[in-house]
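Student: Below is one structure. I have some questions about it.
The values are calculated or read from the model by the stated rules, or taken from the named source; none is laboratory data. The shown structure was predicted, so the numbers you read here are calculated from the model rather than taken from an experiment. Just the protein is used for accessible areas: all its heavy atoms, side chains included, with ligands, DNA and RNA removed. Shrake-Rupley method; radii C 1.70, N 1.55, O 1.52, S 1.80 Å.
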Amino acid sequence: MDLKELQKDPKMMEIMKEIGSIMQMRSKQEQAEKVKNFRILNENAVKGQILFTGSSLMEQFPITEIARNHGIDKIIYNRGIGGYTTDDFIAEIDTVLFDLAPSKLFINIGTNDMRPREDGQDWAVHLLSNYEHILQQIKERLPECQVYMMAYYPTNPTVADNEVTRHLLATRTRENLDMINEKMATLAAKYDYHFINANDGLCDAEGYLKKDFTKEGLHMFANAYEVVFNNIKPYI
């Protein structure tokens, strides 16, 4: 039986569904552990510093090391959590944002919302509604904070190495990323926040994330984050 036949086999589909449920439970457990660890760290964190927060694309940004390598000695915290959606972010917004009371905030959250929803709601509508709720809270609770909403990074479906990644990238197309980034820029202007597109230099001639910058078409290596850092350095 070849791969296509296996994918159509009812027993195999049930096994894959069970594996998916186990992986999701494991992911939630890992996220809960990260939240607990951040809460502990937040108790002694210096308030009023620079904060980078969001999902895995922020969690994997070695911002502190890169900044120091470039001679920046400021205190920079990273509270990104892999797999986080805007719903997850809102549920733990104190831990990943407000407990640190940052004076300057760089946020990248929402790429995990870019997928068909079980409730049938349009993912873009849900994402924008949640993001605006986040911005409203920031405006109310940290009125003096400088907020930098980062554009979503490009992807590269041509190097996706497994079905899970290909499934995720099916929605994170160039067209969808351009569309949602444009709406994010409008949302930033509404709240008088900064929208920064740090993607200059990340793409190849076809507009995809460069192959030597990405692990599997979605997440990025440190060389890509060096490019991002140089693009946002004036704001840090």
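Student: Going by alpha carbons, how many degrees (0 to 90, nearest 10) lie between the helix axis of 10-42 and the longest principal axis of the chain?
Tutor: 10
Student: Whole-Hz ³J(HN,Hα) for each residue in region 49-60, computed from phi via Karplus 6.51 cos²θ - 1.76 cosθ + 1.60 with θ = phi - 60°, x for glycine and proline: what do you get?
Tutor: Coupling constants for region 49-60: 9, 9, 10, 10, 8, x, 9, 4, 5, 8, 4, 7 Hz.
Student: Moving on to the next point. How much length, in nm to one decimal, is gained on full extension between V125 and D192, taken as 0.36 nm per residue of separation minus their Cα-Cα distance? If you can, show how the numbers build up before the last one.
Tutor: Numbers: separation 67, 0.36 × 67 = 24.12 nm, distance 2.10 nm.
Value of the extension gain: 22.0 nm.
Student: Compute the length gained on full extension between R166 and E30: take 0.36 nm times their separation in residues and subtract their Cα-Cα distance, giving the result in nm to one decimal. Could the numbers behind the result be given before it?
Tutor: Values: separation 136, 0.36 × 136 = 48.96 nm, distance 2.30 nm.
Using 0.36 nm per residue and subtracting the Cα-Cα distance, I get 46.7 nm.
Student: Any idea what the relative contact order of region 89-178 is, in percent, if you count C-alpha pairs under 8 Å spaced at least 6 apart?
Tutor: It rounds to 35 percent for region 89-178.
Student: Here is a further query. Whole angstrom only: what separates the Cα centroid of region 84-114 from the Cα centroid of region 34-70?
Tutor: So the separation of the two Cα centres works out to 12 Å.
Student: While we're here: Can you give me the angle between helix 174-190 and the longest principal axis of the chain, using Cα atoms only, in degrees from 0 to 90, rounded to the nearest 10?
Tutor: The helix 174-190 is inclined about 30 degrees to the chain.
Student: While we're looking at this one, here's another question. Quick one: accessible area per residue over the chain, 1.4 Å probe, rounded to a whole number of Å²?
Tutor: Heavy-atom SASA per residue in the chain reads 53 Å².
Student: I'd like the distance separating the alpha-carbon centroids of region 135-179 and region 190-236, in whole Å.
Tutor: Here the answer is 11 Å between Cα centres.
Student: Right, here's the next one. Taking amide H atoms as placed 1.01 Å from N in the peptide plane, list the residues 5 or more away in sequence, or in a different chain, whose amide H sits under 5 Å from that of M220.
Tutor: The answer is K215.
Student: Another question, if that's okay. May I ask which of K74/K233; K34/K211; K47/K233 have a Cα-Cα span longer than 19 Å here?
Tutor: Values: K74/K233 12 Å; K34/K211 30 Å; K47/K233 21 Å.
Long pairs (Cα-Cα over 19 Å): K34/K211; K47/K233.
Student: Along region 212-225, what does the Karplus equation 6.51 cos²θ - 1.76 cosθ + 1.60 (θ = phi - 60°) give for ³J(HN,Hα), rounded to whole Hz, x for Gly and Pro?
Tutor: Computed from phi, the couplings for region 212-225 are 7, 9, 10, 6, 8, x, 10, 8, 10, 7, 4, 5, 5, 5 Hz.
Student: Give the carbon-plus-sulfur fraction of the accessible surface of the chain in %, rounded to a whole number; probe 1.4 Å, heavy atoms of protein chains only. Intermediate values should be presented prior to the final figure.
Tutor: Values: 6440 of 12550 Å².
On the chain, the fraction of accessible area on carbon and sulfur atoms equals 51 percent.
Student: Using amide H atoms built 1.01 Å from N in the peptide plane, name the residues 5+ places from G83, or on other chains, whose amide H lies under 5 Å from its own.
Tutor: Under 5 Å from the amide H of G83: S56.
Student: Taking the alpha-carbon set of the chain, what are its Rg and Dmax in Å?
Tutor: 18.5, 62
Student: When only C-alpha pairs under 8 Å and at least 6 residues apart count, what is the relative contact order of the chain, in percent? Intermediate values should be presented prior to the final figure.
Tutor: Values: 324 pairs, mean separation 41.4, N = 236.
Reported relative contact order: 18 percent.
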